[in-house]
Amino acid sequence: MYKTKRNLSVLLLCLLLCLAGGLFLTNRSAKANGETQFIVGFDAEFPPYGYLDENGEYIGFDLSLAEEVCKRNGWTLVKRPIAWESKDSELASGAISCIWNGFTMNGRENDYTWSTPYIDNSQVVIVRKGGSITSLSDLKGKILVVQSDSSALAALTGEDATDENKEIAAALKELQQVGDYNSAFMNLESGMVDAIAMDYGVAAYQLSGKDDTFTLLEERLSTEKYGVGFKLGNTELRDKVQTTLLEMLYDGTFELIAEEWGLADSACLSFDDTTYIDGSQVPAVDTSNLTKITQTAKTGSKGTGAKVKRLTVPQIAKQLGSGILATLSIFCLTILFSMPLGLGICAIRMSHFRILQAIAKIYISIMRGTPLMLQLLVVFFAPYYAFHINTPYSYRFIAVIIGFSLNYAAYFAEIYRSGFQGIPVGQREAAMIMGYNRRQTFVHILFPQMVKRVMPPVTNEIITLVKDTSLAFALAYTEMFTLAKQIAASQASLMPLFIAGVFYYVFNFIVAYVMERIEKKLDYYH
């Protein structure tokens, strides 16, 4: 197995070089562009504040504001969809400049450096028309669904929830949590839940894509302020953005954008807010060189807000195209690295040196005993938290490949080991009698038989890999399933997810067919 161990060393060296090269190039790029890039982190499944439109472009109220801020400061806007659960790590590592996506300030006052509030939002409840629920008190004994880690959930169960809302939550039959609003509406449509609680802006967008069977209750669960969140202590960038927003407010641009997205009634940016939440003073704005937009321009630009624009199945499939390529890239590169790496780990696991055996056992135990999603997060964020090296967006793909390869190599190693150990000892003895050395025995006798024996479990792992590629969303890498969720949010429909499911099935069918053909080719080893 000497050659196998040598191949393992070469493969590990290649992975390390890829990691080092990726970090060098991304850091070099970040340094070159750090002065002009303004990287906005946002949830791409949160219309009308940020979402994917019918042309495959990220748009929204907050992104429109960010575009104008960048235009006035000579910055380059980078729209960066992120996994909302990882927003704090994204901000801390410098991967994004700010979180600007209907970001609730309430309850997070001390966690970020905030702008002044610019939107006064409220949490509303959606029910079916003609039902028995006409007020918040009617929710007693009912099932209410909210998005996990949302402001609606905090309004009902958070530390700052009002006594009235806590009573409502306690009187519910059940408070369910789902990952997205499409799932919430699906539950409501099917009668599995009685009501949904969500942000008013999101509710208005969702209802624009539904038939006339739902309605909003007049009573509100709570009100909250939206602000732009920066890394704690980054007051310089915060002040630049704040000053620009106030300039936009003075000349009428802010009002224009709010009207365009139908949020003029919720806008609350004001010159009267002269103090930030942290107690520091808002910079004064020099209005001497600013020209106000004419009233005619304002009136002529008044919009009705974001509305769902339906796409046909072929249009959705076309939008999923770039995600399919990303999924294929993850799949192919993971196979390329993990299968030979697994063979090397198998060799170490079966070696006669107990220390090496122990190292291989620990590695395999960690890789198989912890979630792949967690491993991806460690690979991506460890350079920053361990060595204070920033991990820009372009490093994400490298981290995805490294994480997947290291994880699947552990599984392949154990599959290979079972294949080798299933070969009778007499095969090795016969090879020695015939004059074969260790390398010849491995290449011509043992390896071909192992391959034949492990084809079914290897096929299962490869098929699992096709589906596991969707876990790349943990690093905000936009593969097919992540893209399908973004399109589903913008369409207020689950159809994009079903179409993505068809792609996964076809892909797995092809993989299974190819592996079956390979298995039949190896039948002569009987």
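The values are calculated or read from the model by the stated rules, or taken from the named source; none is laboratory data. What you see is a predicted model, and the numbers here were worked out from it, not measured in a lab. We place every Cβ from the backbone using ideal geometry, glycine too, and count neighbours over all the protein chains shown. Just the protein is used for accessible areas: all its heavy atoms, side chains included, with ligands, DNA and RNA removed. Shrake-Rupley method; radii C 1.70, N 1.55, O 1.52, S 1.80 Å.
Return the carbon/sulfur percentage of the accessible area of region 197-236, one whole number, probe 1.4 Å, all protein chains in place. Let's see the in-between values first.
Values: 790 of 1750 Å².
With neighbouring chains kept in place, the figure for region 197-236 is 45 percent.
Nearest 5 is fine: what % of DSSP beta bridges in the chain come out antiparallel, could you say? Provide the component values of the computation, followed by the final result.
Values: 24 of 39 bridges.
Counting DSSP beta bridges with both partners in the chain, the antiparallel share is about 60 percent.
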Handout entry: region 409-526: translational diffusion in µm²/s, Stokes-Einstein, Kirkwood Rh over Cα pairs, 37 °C, 0.692 mPa s
Key = 190 µm²/s
Handout entry: For region 70-162, average projected area of the Cα convex hull in nm²
Key = 8.9 nm²
Completion exercise
Tilt, helix 480-491 to longest principal axis of the chain (alpha-carbon atoms), in degrees rounded to tens, equals 20 degrees
Handout entry: Equivalent ellipsoid semi-axes, region 303-392, via Cα gyration tensor eigenvalues times 5, rooted, Å
Key = 42, 20, 11
Handout entry: Arg396 accessible area, assembled protein chains, probe 1.4 Å, Å²
Key = 0 Å²
Problem - For peptides 87-96, 510-519, sequence by mean Cβ density within 10 Å, most packed first - result: 87-96, 510-519
Exercise for the section: Relative to the longest principal axis of the C-alpha atoms of the chain, give the angle of the C-alpha long axis of helix 396-421, reported between 0 and 90° and rounded to the nearest 10°. Expected result: 30 degrees
Handout entry: Loop-located chymotrypsin sites (Phe, Trp or Tyr not before Pro) in region 330-382, at most 11 other Cβ atoms within 10 Å (DSSP)
Key = Phe353
Handout entry: Local net charge near Asp212, Cβ-Cβ under 15 Å (Lys/Arg +1, Asp/Glu -1)
Key = +2
Problem - Radius 12 Å from Cβ of Gly227, net charge of other residues (Lys, Arg +1; Asp, Glu -1) - result: -4
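Can you work out D for region 346-477 in µm² s⁻¹ from Stokes-Einstein, where Rh is the Kirkwood radius over C-alpha pairs, the temperature is 20 °C and the viscosity is 1.002 mPa s?
Working: Rh = 17.0 Å.
So the translational diffusion coefficient is about 126 µm²/s.
At 1.4 Å probe radius, can you tell me the per residue accessible area of region 147-201 in Å²?
Averaged over the residues of region 147-201, the accessible area is 48 Å².
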Practice task
Could you tell me how many degrees, from 0 to 90 and to the nearest 10, lie between the Cα long axis of helix 61-73 and the main elongation axis, the longest principal axis, of the Cα atoms of the chain?
Solution key: 90 degrees
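Relative contact order for the chain: what percent, with Cα pairs under 8 Å and sequence separation of 6 or more?
Numbers: 804 pairs, mean separation 102.1, N = 526.
Taking the mean separation of contacting Cα pairs over the length of the chain, I get 19 percent.
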Completion exercise
Of the residues Gly252, Ser329, Gln206, the Cα lying farthest along the dipole of region 187-344 towards its positive end, which is defined by charges on the beta carbon of Lys, Arg, Asp and Glu, belongs to Ser329
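May I ask for the Kirkwood hydrodynamic radius of region 162-257, worked out over all distinct Cα pairs and given in angstroms to one decimal? Show your work: numbers first, answer last.
Working: mean 1/r = 0.0584 Å⁻¹.
Computed over region 162-257, the radius equals 17.1 Å.
Whenever you get a sec, compute what percent of the accessible area on region 114-160 sits on carbon and sulfur atoms (1.4 Å probe). Mind showing how you got there, number by number?
Details: 810 of 1820 Å².
The C+S portion of the solvent-accessible surface of region 114-160 is 44 percent.
Put Met350, Met434 in order of accessible area, largest first, 1.4 Å probe: what do you get?
Most to least solvent-accessible, the answer reads Met434, Met350.
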Fill in the blank from the handout: Label model pair Lys467, Ile423: point-to-point distance (7 angstrom along the Cα→beta-carbon line) in nm is 3.2 nm
Practice task
For the chain, compute Rh as the Kirkwood radius over C-alpha pairs and then the Stokes-Einstein diffusion coefficient at 20 °C and 1.002 mPa s; write the answer in µm²/s, rounded to an integer.
Solution key: 82 µm²/s
Completion exercise
When the charge dipole of the chain is computed with +1 on Lys and Arg Cβ and -1 on Asp and Glu Cβ about the Cα centre, the Cα farthest towards its positive end, among Asn101, Phe230, Tyr505, belongs to Tyr505
Handout entry: For q = 0.11 Å⁻¹, Debye-computed log10 I/I(0) when each Cα of region 455-521 counts as one equal scatterer
Key = -0.33
Practice task
Holding the Cα-Cα limit at 21 Å, pick out from Lys71/Lys307; Lys129/Lys485; Lys210/Lys485; Lys79/Lys240; Lys87/Lys225; Lys318/Lys485 the pairs that are longer than that.
Solution key: Lys71/Lys307; Lys129/Lys485
Completion exercise
Under the rule rounded for a/c under 1.5, else prolate if a/b exceeds b/c, else oblate, using alpha carbon gyration tensor axes a ≥ b ≥ c, region 126-200 is classed as oblate
Exercise for the section: Percent of Cα-Cα pairs per 10 Å bin, from 0 to the last occupied bin, for region 345-389, please list those. Expected result: 27, 33, 30, 10
Practice task
Let me know the charge dipole size of the chain about its Cα centre in debye, to the nearest 20, where only the beta-carbon of Lys, Arg (+1) and Asp, Glu (-1) is charged.
Solution key: 3660 debye
Problem - Surface accessible to a 1.4 Å probe, per residue, for the residues of region 319-444, Å² - result: 50 Å²
